[in-house]
Amino acid sequence: MAFVKGFGILAVAVLLIMSMSYWAAGKARPAIDEAARAALTAQGTAYNFIELPGGTVHYRLEGRDDAPLVVLIHGFSTPSFVWKDHILPLTDAGYRVLAYDNFGRGLSDRPGAVYDADLFDRQLDELLDALAINRRVDLVGYSMGGAIATIFAARHPERVRSLTLIAPAGLGIATDSNMDLLRRPLIGDWIMRLFDARLFYNAAAKEAASAPNPGAFLADFNRQLEYRGYGDALLSTMRHYPLGAAQDAYATAGRSPRPVLVIWGEADVIVPFAHAEKLMELMPQAQLRSYPGLGHNMTFTQAPLVSRLLIEFLSMQGTNLTSGGASGKPRGPLARMEARQCASCGPGKGEAGEPSLP
């Protein structure tokens, strides 16, 4: 009896300590409020902010007002600075470019909401409305941003002219025991609240090693960790966003004649390239460009290549293309863009002029 009583007292003490540390960690960092946004703008580390019904969003908008609008959507944990090397090539090519931070990331608000498909879909819809964008746009989504773009295209077909998906999530992602632990109630919340900065900074440091400027990459990534709510937002996303279960949206978007370009590194271990086969079945109009030896981070490690592919694709939106069926093998004017076809998704040997990449 004494042992049981002692164990009960110890358990209560541990729970009390965990509760207090959880609460304290939540207050240890400042919120992103009006004063913080003003300071960030004065420092030159922020671009523009706009207030939406769901919260304030940080965004960057460049290029001529009358140019076709390209919307760049980042992934799960790295905010919109991942697109910084794509802005100038796109504007120089004659496009207007919008890049923004998803809720819970970067310098956008971290609303106390469920971070599911509806939240991110509303954010993009409200952002376009608030910026008075009343014409169809070209969506470009990287990783989780690919799922956001696809779901948006499925739900708002009248607003989307084309889709470019770079290593898109939504059909499956790599998982491990750490992610499974974080998804568990209570213990996952406590770990994320106390250790989110360390967990994600360490992960970002590994990614930064392959970035053109590792120091700048880490500085940009670390800025979002200075404000409360980042880890909570990512945890809610892990629990509620369909990172591996957006097949219906891909199928719906795939029934549209809308042009789709898919870019993927065949050495991707975050969103495995093996999912390309399923994507091509669901989106038979898509054209797949894949590169052996390149991983999930090709958006910033191979920015000139990705920008070139994107600009070539966008420049041909006025052409008439017919699908080659489930294999994804295109026919018509865009067929010459097909440099490497997924081996499991249909035939194709690539063009002689394709650059050799590591």
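The values are calculated or read from the model by the stated rules, or taken from the named source; none is laboratory data. Please read all numbers here as calculations on a predicted model, not as lab measurements. Because the Cβ atoms are built from the backbone with ideal geometry, glycine has one as well, and the counts that use them run over all protein chains shown. The accessibility values were calculated without ligands, DNA or RNA, using every heavy atom of the protein model including side chains. Shrake-Rupley method; radii C 1.70, N 1.55, O 1.52, S 1.80 Å.
Provide a single number: the residues in the stretch 94-117 that are surrounded by fewer than 19 Cβ atoms within 10 Å (Cβ to Cβ) and among the small types (G, A, S). Can you show your working first?
The initial filter retains those residues of the stretch 94-117 that are surrounded by fewer than 19 Cβ atoms within 10 Å (Cβ to Cβ), namely 94, 111-114, 116.
After this cut, where a residue has to be among the small types (G, A, S) as well, the list is 94, 112-113.
So the answer is 3.
Scanning the stretch 238-257 finds no residues that are in contact with a His (Cβ under 8 Å, 6 or more places away or on another chain) and more than 16 Å from P79 (Cβ to Cβ). Scan the stretch 152-188 for residues that are in contact with an Asp or Glu (Cβ under 6 Å, 6 or more places away or on another chain) and either aliphatic (A, V, I, L, M) or at positive phi (or both) and jot them down. If the condition is that a residue be in contact with an Asp or Glu (Cβ under 6 Å, 6 or more places away or on another chain) and either aliphatic (A, V, I, L, M) or at positive phi (or both), then A167 is the only one that fits. Every test in (1) free of Cβ contacts under 8 Å to residues at least 12 places away in the same chain; (2) surrounded by 21 or more Cβ atoms within 10 Å (Cβ to Cβ); (3) of a type in the set (S, T, N, Q) is passed by T164 save one, and that test is (1).
Against the criterion of being surrounded by fewer than 22 Cβ atoms within 10 Å (Cβ to Cβ) and under 28 Å from R183 (Cβ atoms), G244 qualifies. Looking at the stretch 117-196, the helices (runs of 4 or more DSSP H) lying wholly inside it that each contain 3 or more residues that are small (G, A, S), at pLDDT 95 or above and closer than 24 Å to L309 by Cα sit at 144-155.
Do the conditions hold for G188, that is, is it surrounded by fewer than 14 Cβ atoms within 10 Å (Cβ to Cβ) and over 20 Å from I73 (Cα atoms)? So G188 does not fit the description; no. Contact map, the stretch 228-240: residues that are in contact (Cβ under 8 Å) with a residue 24 or more places away in the chain and under 17 Å from G145 (Cα atoms) paired with residues that are part of a helix (DSSP H, G or I) and open to solvent by 10 Å² or more (accessible area, probe 1.4 Å), Cβ distance under 7 Å, separation 6+ or inter-chain. Pairs shown: L235/L182; L235/D189; M238/M179; M238/L182. For beta carbons closer than 6 Å, sequence separation of 6+ or different chains, a first residue in the stretch 243-259 that is in a loop (DSSP other than H, G, I, E, B) and a second that is among the aromatic types (F, W, Y), there are no qualifying pairs. Checking each residue in the stretch 167-188 for being of a type in the set (A, V, I, L, M), touching a residue at least 40 places away in the same chain (Cβ under 8 Å) and under 17 Å from L234 (Cα atoms) picks out A169, I173, A174, M179, L182. Is there a residue being in contact with a Gly (Cβ under 7 Å, 6 or more places away or on another chain), in contact (Cβ under 8 Å) with a residue 24 or more places away in the chain and β-branched (V, I, T) anywhere in the stretch 93-103? Yes: the stretch 93-103 contains one or more residues that are in contact with a Gly (Cβ under 7 Å, 6 or more places away or on another chain), in contact (Cβ under 8 Å) with a residue 24 or more places away in the chain and β-branched (V, I, T). Of the residues making up the stretch 50-90, those that are in contact with a Leu (Cβ under 8 Å, 6 or more places away or on another chain) and within 22 Å of G104 (Cα to Cα) number 16.
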